[in-house]
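Read the structure below first, then the notes.
The values are calculated or read from the model by the stated rules, or taken from the named source; none is laboratory data. This one's a predicted model, so the numbers in the text were calculated from it and none came from an experiment. Neighbour counts are summed over all protein chains in view; Cβ atoms, including those assigned to glycine, are modelled from backbone coordinates with ideal geometry. To get the accessible areas, we keep the full protein, side chains included, count just its heavy atoms, and leave off ligands, DNA and RNA. Shrake-Rupley method; radii C 1.70, N 1.55, O 1.52, S 1.80 Å.
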Amino acid sequence: MRKIGDIASRTGQLTQVHNLAPLPPPYDRVEDLPARKKLKQEVLDRIDTSLDGFSALGLSRPQTPEEERKFIARFLSGLEKLLSADNNWAFLEPLNLSLDHCARCQSCVEACPIYTASGHDEVYRPTFRNEVFRRLVNQYHKSGGRALAWLKGEDIELNAATLCRLLESAYRCTLCRRCAQACPMGVDNALLTREIRKLFSMEMGIAPKEIHDKGSMLQLRTGSSTGMNARAVRDNVAFLDEEIRDQTGLTIETPWDKEGADVLLIHNAGEILAWPENPMAFAIILEAAGISWTMSSDLAGYDSVNYGLWYDDAQFARVAVRQAEAARKLKVKKIVLGECGHGHKASMVTADRLLCGDLNVPRESALVLLRDIVISGRLTLDPSRNDFPVTLHDPCNMVRMMGIVEPQREILRKICPQFREMTPHGVDNYCCGGGSGFALMSGYNFADWRFSVAGRMKLKQILNAFADCPSPAVKKYVCAPCSNCKGQFRDLFQYYGVWEKSGILYGGLAELIVNAMADIRQPFIKWEFH
Amino acid sequence: MLLIILISVAVIVFFAGNTVRIVHFLRMPTPLRWELYPIPKGPRARQRYGGSYFEQSDWWTKSHDTGRAGELAFMAKEILLLRSVWENFRGLWLWSWLLHWGLYFYLLTTVVAILAAVLRAGSFRLLHLAVLYGSPLACSLGVAGSLGLLVMRSLHPRLRGYTTRSSVFNLTLLGAAFVTGLLSLSDGAGLDGLVRVLLRSPASLGHYGKISQAHLALVAFFLAYFPFTHMTHAYMKYFTWHGVRWNDSPAIRDPQAAMRLAASLQREVTWAATHIAAGGPAKWSEVASDPGGRGAGRA
């Protein structure tokens, strides 16, 4: 069994991923899975993989004692700022509450899908990284901390290995917060994990490329983390309008920058490129229901993502403010957030106290608007068109962190005769394994970890939900009303060959609604595009 | 005399330490929202599955339940039955429950003993009986709980790696206090006697036996030590649960929100990464409005 102090070991790898929780057949055959990516020796010489053999960040360990000294000094400087009101007013209170009140009772550990999937590997225990961090705070931040730490036997050597492993470890948690639900004290391990990420990003400029350089920085520069600028997004959506005409015969022109519209719809812009059927379905539904709506071509006004939510307060605030400014400029009655889980939470919850006065434009979930439209009878729906097994994935950000549980179920109960729940579901759901940016991160060999560990419990849940019809001949649908989760399902299903072995497709909620619309001539869901 | 001084200092440290701790948290800047469902507010039907006001269309135009009844009921189950431990770590529950109820009974019995002493209510048979039976019950539960937890912490694979010297010290301290509390009964003192003497004629405390004095010394030490430990979760749960986990109050309904935000945005940012404030120290308002994410700041 690994001890907490082992994190400071200057040599060797702390753990190896093996002994994973079993999957049901035929997914139990390891030999059927793609071989894990082997990093070249030159890469291994350059980056730190000493936590578990994987790398999310491609972090280079300091090479000389002087570099190590500076690395540690920068960390300690960041630690002081993280615990100061000026630099961290936004999370100082919950951070301190979670640092000070853990009873180390371990009630939370079994709630963690990563710890469970890993076969209870100590390094993935949700309390492991935070106990390390708590001890570093006590030892290096509090007065008399070093003597007390020694006295209590809680001292940890602060060296480059400790810090590299601590940071990598902060990217082995999807911030799903199941552990926080289980804590009797109200301690939040996910919050602590996010604060560790934040320290490294905001003080040392270290964050995964996919969510910083190619994510929030790109969004602030071009308007979208996809890199689409205003012109590109309008061109792409115009193409989707044509697609709608070709597929359904409906003539729809997506409204742009329409001042005074009731609804400003902000999609995760990734949908437009990766899952265009989702924004197409939204356009069809909103037009058919007679909703006054628009999209915005302002910076960040057409992309609901806000990756800062996972790792950086400054990036978070910048994007949140841009999105609100786009809505204020158009004088819309409300923003409706498309099927993007973290976009929901970032905009509707976390940014709430950042947006005051006329910037606090009311924000609502698309699931609520879709529910109202479906239940109101404004669309003619034929549930027999969706007569195939359907299960629902609950995106953590919308459900556990916002309490949006029933609207999507009301829709599915009405339009999907073979709807069935996963176990557990609702606020107790398991994360898809792509949360907190993981679905975007595949650098080095991180994808292998994401598929074999992070997504494991969710895959198991999905297979169990369809246990009564395992044959690939029966086409089945996982409704995942979140882009990030869909990104994870796309990659996870491909890795395990889920379509070939089980005939399971994933997709959004709006697509199912359009598929059930009686006046759409042909099925909207294209099973062949699995 | 030394014992009297020790007890007096301990009581002062206890109240001062806890007050400072509470004020420290009360004075922290209002954080951003970070709630977690289920939240025990709103209609019962919605509470059952963990739903929120976000499930309503145009939620900002509708009235919300801001009452505390649901929260109190939830917290009562948490405090009295240790519900989260029961649901998530059944093996730990019994010992933890015994220790907590030992502490609850001890606290309650002490309060009743103080009441009886202050009211000079020797003839109030009910109060006398409460202390007479409450005290050994509290100490017995406490001894069982702390011993059980010590064994669990030492042997259970889920706990062993996370059992530090301070966990062992805390449990040993509590166990010793409860053991001496139990033994002081045979010493002829009993909690009511000790409290009465402490309040009315402290000078005669020396007449009591060594075990009773050791018990008082251990309790005094625990009181002075308590505010500096994680055991303050006893009342800090108000902040972790009500203040963070259940705090879903929207800024749109809060007239003070803009004022608080304005104060926070005036705070100076000194984070060193180049994308934050490349031009040197900046205010949060400047960082948030920096359009390119290239780093705000006054060069």
Run B:Glu78 past the list (1) open to solvent by 20 Å² or more (accessible area, probe 1.4 Å); (2) within 9 Å of chain A (Cβ to nearest Cβ); (3) within 20 Å of A:Arg178 (Cα to Cα); (4) in a helix (DSSP H, G or I) and report the number of the one that doesn't hold. (1)
Among the residues of segment A:402-438, which ones are of a type in the set (Asp, Glu) and in a helix (DSSP H, G or I)? A:Glu406, A:Glu410, A:Asp428
Filter segment A:294-309 for residues that are open to solvent by less than 10 Å² (accessible area, probe 1.4 Å) and in contact (Cβ under 8 Å) with a residue 40 or more places away in the chain and give the result. A:Met295, A:Ser296, A:Ala300, A:Gly301, A:Tyr302, A:Asp303, A:Ser304, A:Val305, A:Asn306, A:Gly308, A:Leu309
Can you pull out the residues in segment A:54-70 that are modelled with pLDDT of 95 or more, open to solvent by 20 Å² or more (accessible area, probe 1.4 Å) and within 25 Å of A:Phe128 (Cα to Cα)? A:Leu57, A:Glu68, A:Arg69
State which residue is farthest from A:Gln181 (Cα to Cα) when the search covers only segment B:221-238 and only residues that are at the interface with another protein chain (Cβ under 10 Å from one of its Cβ atoms) and open to solvent by less than 20 Å² (accessible area, probe 1.4 Å). B:Thr229
Please go through segment A:1-24 and pick out each residue that is free of Cβ contacts under 8 Å to residues at least 60 places away in the same chain and under 28 Å from the mean Cα position of the chain (by Cα). A:Gln13, A:Gln16, A:Pro22
Suppose we filter segment A:469-501 for residues that are without any contact (Cβ under 8 Å) to a residue 40 or more places away in the chain and open to solvent by less than 10 Å² (accessible area, probe 1.4 Å); how many remain? 1
Looking only at residues in segment B:35-58 that are more than 21 Å from A:Leu367 (Cα to Cα) and touching a residue at least 12 places away in the same chain (Cβ under 8 Å), which one is farthest from the other protein chains (Cβ to nearest Cβ)? B:Pro40
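Per-residue answers, yes or no, for (1) among the basic types (Lys, Arg); (2) at pLDDT below 85; (3) under 19 Å from the mean Cα position of the chain (by Cα):
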| residue | (1), (2), (3) |
| --- | --- |
| B:Ser84 | no, no, yes |
| B:Leu94 | no, no, no |
| B:Trp97 | no, no, yes |
| B:His100 | no, no, yes |
| B:Gly122 | no, yes, no |
| B:Leu127 | no, yes, no |
| B:Tyr133 | no, yes, no |
Condition met for B:Met259 (modelled with pLDDT under 95, under 20 Å from B:Pro31 (Cβ atoms) and either part of a helix (DSSP H, G or I) or among the aliphatic types (A, V, I, L, M) (or both)): yes
Going through segment A:314-351 in order, the residues found to be among the hydroxyl-bearing types (Ser, Thr, Tyr) and within 18 Å of A:Ser296 (Cα to Cα) are A:Ser347
Name the residues in segment B:105-149 that are free of Cβ contacts under 8 Å to residues at least 24 places away in the same chain and aromatic (Phe, Trp, Tyr), would you? B:Phe124, B:Tyr133
The one condition B:Thr109 fails out of (1) out of contact with any Gly (no Cβ under 8 Å at 6 or more places or on another chain); (2) more than 14 Å from chain A (Cβ to nearest Cβ) is (1)
Within the set of pairs 6 or more residues apart or between chains, which connect a residue that is in contact (Cβ under 8 Å) with a residue 12 or more places away in the chain inside segment B:74-95 to a residue that is open to solvent by 40 Å² or more (accessible area, probe 1.4 Å) with Cβ atoms less than 7 Å apart? B:Leu82/B:Trp93; B:Leu82/B:Trp97; B:Leu82/B:His100; B:Val85/B:Trp93; B:Gly91/B:His156
In segment A:385-401, the residues that are part of a loop (DSSP other than H, G, I, E, B), among the charged types (D, E, K, R) and either within 24 Å of A:Ile520 (Cα to Cα) or over 13 Å from the mean Cα position of the chain (by Cα) (or both): A:Asp387
Output for segment B:282-299, where each listed residue is at pLDDT 70 or above, more than 7 Å from chain A (Cβ to nearest Cβ) and more than 38 Å from the chain's Cα centre (by Cα): B:Glu286
Which one is modelled with the lowest pLDDT, of the residues in segment B:6-65 that are acidic (Asp, Glu) and assigned to a loop (DSSP other than H, G, I, E, B)? B:Asp65
Members of segment A:364-376 that are in contact (Cβ under 8 Å) with a residue 24 or more places away in the chain, facing another protein chain (nearest Cβ under 7 Å) and either open to solvent by 10 Å² or more (accessible area, probe 1.4 Å) or not in a helix (DSSP H, G or I) (or both): A:Glu364, A:Ser365, A:Leu369
Which of the helices (runs of 4 or more DSSP H) contained wholly in segment A:263-363 include at least 2 residues that are more than 21 Å from the chain's Cα centre (by Cα)? A:277-288, A:313-330
Where residues in segment A:122-154 are away from chain B (no Cβ under 11 Å) and of a type in the set (D, E, K, R), which of them is nearest to A:Cys173 (Cα to Cα)? A:Arg129
Across (1) assigned to a loop (DSSP other than H, G, I, E, B); (2) open to solvent by less than 40 Å² (accessible area, probe 1.4 Å); (3) facing chain A (nearest Cβ under 8 Å), B:Ala272 clears everything bar (2)
Would you tally the residues in segment A:10-24 being more than 21 Å from A:Tyr115 (Cα to Cα) and open to solvent by 100 Å² or more (accessible area, probe 1.4 Å)? 2
Could you check A:Gln247 against (1) surrounded by fewer than 24 Cβ atoms within 10 Å (Cβ to Cβ); (2) more than 9 Å from every other protein chain (Cβ to nearest Cβ); (3) modelled with pLDDT of 95 or more and say which number it fails? (3)
Against the condition part of a loop (DSSP other than H, G, I, E, B), of a type in the set (Asp, Glu) and within 14 Å of chain B (Cβ to nearest Cβ), how does A:Asp213 come out, does it pass? no
Does A:Ile114 satisfy being more than 12 Å from chain B (Cβ to nearest Cβ), within 24 Å of the chain's Cα centre (by Cα) and not in a loop (DSSP other than H, G, I, E, B)? yes
Of the conditions (1) more than 26 Å from the chain's Cα centre (by Cα); (2) of a type in the set (A, V, I, L, M); (3) surrounded by 13 or more Cβ atoms within 10 Å (Cβ to Cβ), A:Val30 fails just one. Which one is it? (3)
Only one of A:Arg178, A:Arg172 is farther than 28 Å from A:Glu68 by Cα, basic (Lys, Arg) and modelled with pLDDT of 95 or more; which? A:Arg178
